[in-house]
1. Per residue of the chain, what 222 nm ellipticity follows from adding -39500 (n - 2.57) for every DSSP H run with n ≥ 4, rounded to the nearest 500?
2. Read through the labelled values (i) 1.67; (ii) 1.04; (iii) 0.96 and report the label of the one computed as Cα Rg over 2.2 N^0.38 Å from the structure.
3. Taking 8 Å as the Cα distance limit and 6 or more residues as the minimum spacing, I'd like the relative contact order of the stretch 211-396 as a percentage.
4. Just how far, in whole angstrom, is the stretch 67-124 from the stretch 330-356 if you go by their alpha carbon centroids?
5. Which percentage, to the nearest 5, of the DSSP beta bridges contained in the chain is antiparallel?
6. Among 397, 246, 24, which comes first, second and so on when ranked by fewest other beta-carbon atoms within 10 Å?
7. Over the stretch 215-307, what is the mean sequence separation of C-alpha contacts under 8 Å (at least six apart), divided by residue count, expressed as relative contact order in percent?
8. Using r as the Cβ-Cβ distance of residue 355 and residue 419, and R0 as 56 Å, what FRET efficiency do you calculate, to the nearest 0.05?
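Just so it is clear, none of the values below were taken in a lab; they were calculated from the coordinates. Not measured: the values here are computed from a predicted model. Ideal geometry is used to build each Cβ from the backbone, glycine not excepted, and the neighbour counts take in all protein chains shown.
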């Protein structure tokens, strides 16, 4: 058997690191390190959350932070710009940047260029390839840095970056990247239609590393909402943003019949968190709805183990943003928790209506309320859904398949030596 090719040292670029909402990225980096890949992490933003997932603490890769706003680190940006002026790739970079700027005349576009100057100058000399999570802002920085330094690059596309980035920008990035992967069949179809050839983009599910999770509870409660002292426990996890549909969920909860006793817990931060709390007060359910804010994964799993129903009513936001296949659905399934979610985006690729859970039309809070009412009263059906979701997760959505595909792609890279020399001390 021929020896496994040694991959180049790879810089993984992300929008922010670490982030509680991006367990799939941390899981992937940790698993690739476990396969022997040599990685470093570049983040466009500093962390904003105090809690950190345990798996982030296990990642060994060096982490570098780019200037989040150029004015905050002017000397660093200036050094990057002066260094960039002398690079062979500078002209190609500026042609691309100016063409982009004509179509996107924003300060954010200029910030991406400045971050690319800094990244190009400060990348480890032995980094020969760049891989970026998200096809919008982070991919612009990586694309510019690759043009500047002569490195190759690839991408992982997810959700918002696919649906809110203009087609012209996606088409050009797809043409320049060596290859790309995405995590839903819907996203893959869309990107393949824009790619120079269909096999340029592959479907690679994140899956879930079940070794990081406890075995699901052997038994689950028989709560049916009839006992006010032991209400049905409903939980949802996700950032408080429009595409998650938590406003619909609160409407659905407020419409539940008075003879059904329930409690709701939400986990996650987000810009809409305060407005959701205000909505719960207006609808008269604040005493039964708890908003815990962002939590580390062990705390989330503990909630999932004690809950009776997991709910995620995703929908398309007015901005065009939408979910892919949220990893939290798989986390709920890992604990054999019954799931109610929207029949939308990548969700039905994992949860099939009436098999692994119950799906309702996106944005239809009345249908959601009806589904919650019926399922809350039927512990037997909840248990069947939870067991089926766990089995589907274990059989078809384990992490190993996705990591196998990524490892093979990274090891097959034939990368040229970068153009930039080592930075002087």
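1. Values: 16 runs with 177 residues, N = 425.
Value at 222 nm, helices only: -12500 deg cm²/dmol.
2. (ii)
3. Relative contact order, the stretch 211-396: 26 percent.
4. 42 Å
5. Just about 0 percent of them are antiparallel.
6. Numbers: 397 22, 246 28, 24 25.
Exposure proxy ranking, most exposed first: 397, 24, 246.
7. It comes to 33 percent, rounded to a whole number.
8. With a Förster radius of 56 Å, E is 0.60.
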